[in-house]
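Structure, as structure tokens:
Bear in mind that the values in this text are calculations on the coordinates, not laboratory data. From a predicted model like this one, the values you see are computed outputs, not experimental measurements. We place every Cβ from the backbone using ideal geometry, glycine too, and count neighbours over all the protein chains shown.
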Amino acid sequence: MMTEQSLHKRAGNIKFIHITDTHLLDAPEETFHCLNTKENLERVLSESLRRYSDIDFILFTGDISQTGTAESYILFKSVLQGYEFPVYCVPGNHDTPKLLQHVIPDVPESSINVIALGEFSLVLLNSRVDDGHHGMVTQCCLQQLEAHLRNSGDQFNIIAIHHPPVLINSKWLDKLGLKNQREFLRVIQKYSQNILLVCGHVHQEVDQQIDGLRLLATPSTCHQYEANSEHMSRTATPAPAYRYVSLSRKNNVDTTVHYI
Ligand SMILES: [Fe+2]
């Protein structure tokens with residue numbers, strides 16, 4: 001699916017806020033390991049948009065919901081109400097894409113979804129599977145992605161996917177990673193000069209170059225995980241976070257993670 005969006009941006013530059021792993025529950029007062037995830041998301045949205053009011057869009061990279069229920073997405077919709085920025089989103093392992101599409105219609109499920117943003121394309125991918133918390137990109141989506149990259153010429157592609165296609169040196173999280181990461185990287189690496197990869201899932205800051213391919217992952221708006229950890233371990237001070245990205249056509253990425 002290809003969607004054209006008009007931008008109020010300057011040519012050759014695009015700016016966005018990356019928010020991920022909000023893990024919303026079913027009711028506004030509910031808490032997740034002592035954190036109110038709805039209030040955290042509200043704080044992140046209001047702080048980030050006060051600081052960066054000239055962004056082109058907000059990108060969410062999955063695990064919007066902890067429960068995957070209709071109620072949790074109604075809560076998501078209520079938090080977004082009142083903000084006029086375009087919002088794009090990919091599903092995470094905790095999400096139910098069909099229900100999330102009621103709030104964000106562009107959420108990808110069985111196909112990739114490409115949003116045309118002037119000289120940039122935002123490529124939205126679904127990596128969730130029905131039988132676990134690891135990720136996988138289907139053969140069909142890999143073929144669509146390859147065809148899109150082959151035909152996109154000079155377009156710069158921001159590829160959004162919940163599961164990062166790399167190991168991050170945390171045994172337990174790496175087990176829950178993208179199972180066909182090698183195959184995925186093989187498809188995109190040929191075009192790495194024209195790609196920025198943006199991921200969620202790992203609840204920590206990642207900024208890696210893999211053979212010229214830049215990969216960013218962002219801490220969540222709720223709990224963060226300790227880096228380089230054998231077992232699941234949450235950080236003691238789980239400040240909610242977001243990432244700001246300013247990208248120029250020449251692949252100059254200016255990015256900052258902010259903790260609130
Ligand atoms: Fe996840």
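For region 54-73, filtered to residues that are within 15 Å of Ile115 (Cβ to Cβ) and outside any loop (DSSP other than H, G, I, E, B), the residue that is farthest from the ligand (Cβ to nearest atom) is Phe57. Of everything in region 74-107, what is of a type outside the set (A, V, I, L, M, F, W, C) and within 16 Å of the ligand (Cβ to nearest atom)? Give them in sequence order. If the condition is that a residue be of a type outside the set (A, V, I, L, M, F, W, C) and within 16 Å of the ligand (Cβ to nearest atom), then Pro91, Gly92, Asn93, His94, Asp95, Thr96, Pro97 are the ones that fit. Considering only residues that are over 17 Å from the mean Cα position of the chain (by Cα) and of a type in the set (Val, Ile, Thr), which ones fall in region 232-260? If the condition is that a residue be over 17 Å from the mean Cα position of the chain (by Cα) and of a type in the set (Val, Ile, Thr), then Thr235, Thr237, Ile260 are the ones that fit. Do we have any residue at all in region 122-129 that's away from the ligand (no atom under 16 Å from the Cβ), within 23 Å of Phe57 (Cβ to Cβ) and among the small types (Gly, Ala, Ser)? No, every residue in region 122-129 fails to be away from the ligand (no atom under 16 Å from the Cβ), within 23 Å of Phe57 (Cβ to Cβ) and among the small types (Gly, Ala, Ser). Counting only residues that are assigned to a loop (DSSP other than H, G, I, E, B) and in contact (Cβ under 8 Å) with a residue 60 or more places away in the chain, which one in region 236-249 is surrounded by the fewest Cβ atoms within 10 Å (Cβ to Cβ)? Top of the filtered list is Arg249.
For region 131-173, a tally of residues being assigned to a helix (DSSP H, G or I) and either among the aromatic types (Phe, Trp, Tyr) or within 13 Å of the ligand (Cβ to nearest atom) (or both) returns 2.
Would you confirm whether or not region 109-117 contains a residue that is part of a loop (DSSP other than H, G, I, E, B), more than 16 Å from the ligand (Cβ to nearest atom) and buried (at least 21 other Cβ atoms within 10 Å of the Cβ)? Checking region 109-117: at least one residue is part of a loop (DSSP other than H, G, I, E, B), more than 16 Å from the ligand (Cβ to nearest atom) and buried (at least 21 other Cβ atoms within 10 Å of the Cβ).
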